[in-house]
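Coordinate-derived values only; no laboratory data. Fair warning: this is a prediction, and the values are worked out from it, not measured in the lab. Positions of Cβ are generated from backbone atoms using ideal geometry, with glycine treated the same way; all protein chains shown enter the neighbour counts.
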Amino acid sequence: MWAQTFDQRLRAWYTLRESAQTLPIESALTAINAWWFQCHWQPYYLHWDDHAAWPDPWQLLSDNVYCEVARGLGILYTITLLDREDLTSASLVLTQTGHNLVLADQTKYILNWEADTVVNNNQQVVVHRQLTQNQIHKQYN
């Protein structure tokens, strides 16, 4: 169940990150993906053309409006704020087919595809646009 207040969402997000810190990689990614799929979905909140003005993680939780891009951004923020050596190559991508996906562990895993599934990727994803963990680190550090 998605938390109603900002404080509740913030506490729940902290708890998610704490538990994902020590889980095996696939379990951590599944938990992160499933958590963000609980959010209230609303179409057309964020757009790639406005990526310079996208909210930071705390503003995203405060705004509490999540389209496919915003949910993917939340997933990427969560992964980025973990201190894990095995999760340093995640990125939010807009594919050539129009999907907003999070690719993790050097594109081995796909998130933001289905609620309870982290797809183990054996195929090439054609990327049209991309936001990487390195870009996020530069922006918020």
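Across the chain, C-alpha contacts under 8 Å between residues 6 or more apart give a mean separation that, scaled by the residue count, equals a relative contact order of 21 percent. Give the separation of the Cα centroids, region 8-25 to region 84-126, in Å. Region 8-25 and region 84-126 have Cα centres spaced 19 Å from each other. In this structure, the amide hydrogen of TYR66, modeled 1.01 Å from its nitrogen in the peptide plane, lies closer than 5 angstrom to those of GLN42, counting only residues at least 5 positions away or on a different chain. Under a 5 Å amide H cut-off, with hydrogens placed 1.01 Å from N, VAL119 pairs with ILE110 among residues at least 5 apart or on other chains. In this entry, the chain is assigned a mean projected area of 7.9 nm², taken as a quarter of its C-alpha convex hull surface.
Overall dimensions of region 1-45, expressed as equivalent-ellipsoid semi-axes from the Cα gyration tensor (√(5λ), whole Å, largest first), are 21, 14, 7.
Using a simple spin-label model with pseudo-atoms 7 Å out from Cα toward Cβ, GLN96 and VAL119 lie 1.5 nm apart. The sum of -39500 (n - 2.57) across all DSSP H runs of n ≥ 4, divided by the residue count of the chain, sets its helix-only mean residue ellipticity at 222 nm to -12500 deg cm²/dmol.
If neighbour count is taken as other Cβ atoms inside 10 Å, put TRP113, TRP58, TRP35 in order from fewest to most. Can you show the working numbers first?
Details: TRP113 17, TRP58 13, TRP35 20.
Ordered by Cβ neighbours within 10 Å, fewest first: TRP58, TRP113, TRP35.
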